[in-house]
Amino acid sequence: MDQKNVWIGTNWKMNKGPAEAIAAARALATFRPPEGIRCFLTPPATSLRDVCSVLEGSPMMVGAQNMFWEDSGAWTGEISGPMVVECGASTVLLGHSERRQHFGETDWTVNLKVHAALRHGLRPLICIGDTLDEFEAGVSQETLARQTKIALHGVSPEDLERVVVIYEPVWAIGSAGRPAEAPFVSGIHTELRSVVREIAGESGVRIPLLYGGSVSQANICDYVVLPDVDGVLAGRGGWDPADFMKLVACVSELVSAKVDA
Ligand code: 13P
């Protein structure tokens, strides 16, 4: 683990209506992560504005879980970049595997959304992931390289500095998932680092690469110590504000142990 920022986020998915979301945001409003740890959360769209208001001025970044690539128009059920910005969010999750799997997102629609997010000054948090079939067939690296290259296709060098890539193996997500072994994640992230360097040149070393999938207090440090892992995105392990703060505490202990050593 080096001196780079460590990112710790939680994706609330389709949980917490406005009342519960506001209560959770209030519980996090005075939380100050230690220097070098960047925290974010992605509430459902119906709570985005409220959560942004409660967390205004706090170091916690707030993002949408998805957005459409057009700015307005006849797109029933969608929300646009300008709407996300108006709610006060600074970031947006794109291409989560649950959206690819259940809502027809493709590598190319993710690319359109990445461009739209950047156009509106939002930081895209781009999720990529291999399915169990792909993992078992030994094509995880190929899948992830394709998803990453297409998501970032046509993005300018300056904008590449604002993206975050999150590796979330589909088989590791959710209560039926099993967390990926740290050595496996290490290999994947080393390879991902060369993919982003191929795309972004030397500045590819600065693109944060996060891991997500059954991250918990028990395993967060196993991932964060890996050289090409710049943080994690938790789901269940971070939904409860107290648990989220404990995830951050685990990593801060690691940071201070490293400093004391
Ligand atoms: P879990 O941590 O609940 O497995 O979810 C991970 C995830 O999908 C975060 O986006």
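General observations
- For the stretch 177-218, fraction of C-alpha pairs farther apart than 13 Å, in %: 57
- Amide proton proximity set for His96, modelled H, under 5 Å, gap of 5+: Cys127
- The chain: mean projected area of Cα convex hull, nm²: 13.2
- Annotation: the antiparallel percentage among DSSP beta bridges lying fully within the chain is about 0.
- Multiplying the residue separation of Glu198 and Ser175 by 0.36 nm and subtracting their alpha-carbon distance yields 4.8 nm.
- Here the stretch 74-157 is treated with +1 on each Lys and Arg Cβ and -1 on each Asp and Glu Cβ, and its dipole about the Cα centre works out to around 420 debye.
- Residue among Thr148, Thr76, Thr109 with the largest mean-square fluctuation in a Gaussian network model of the chain, springs linking Cα atoms under 10 Å: Thr76
- Here Lys149 is the anchor, and the lysines within straight C-alpha reach of less than 25 Å, apart from those fewer than 8 places off in the same chain, are Lys4, Lys113.
- Once the chain from Ala29 to Ala242 is taken as fully extended at 0.36 nm per residue, the excess over their C-alpha distance is 75.5 nm.
- Theoretical ellipticity at 222 nm over the chain - DSSP helices of four or more residues, -39500 (n - 2.57) apiece, nearest 500: -13000 deg cm²/dmol
- Rg/Rh, computed from the Cα trace of the stretch 52-106 with Rh as the Kirkwood radius, has the value 1.02.
- Derived value for the stretch 1-97: Kirkwood hydrodynamic radius 14.1 Å. Basis is the mean of 1/r over every pair of different alpha-carbon atoms.
- With Cα atoms defining each centre, the stretch 137-170 and the stretch 60-111 are spaced 17 Å apart in the structure.
- Tensor-based shape of the stretch 71-213 (alpha-carbon gyration tensor, a/c under 1.5 rounded, otherwise prolate or oblate): oblate
- Computed in the context of the full set of protein chains, the accessible area of the chain at 1.4 Å probe radius has 54% of its extent on carbon or sulfur.
The values are calculated or read from the model by the stated rules, or taken from the named source; none is laboratory data. Here the structure is a predicted model, which is why all the values come from computation and not from measurement. As a convention, Cβ positions derive from the backbone with ideal geometry for all residues, glycine included, and neighbour counts pool all protein chains shown. For accessibility, only protein heavy atoms count, side chains too; no ligands or nucleic acids. Shrake-Rupley method; radii C 1.70, N 1.55, O 1.52, S 1.80 Å.
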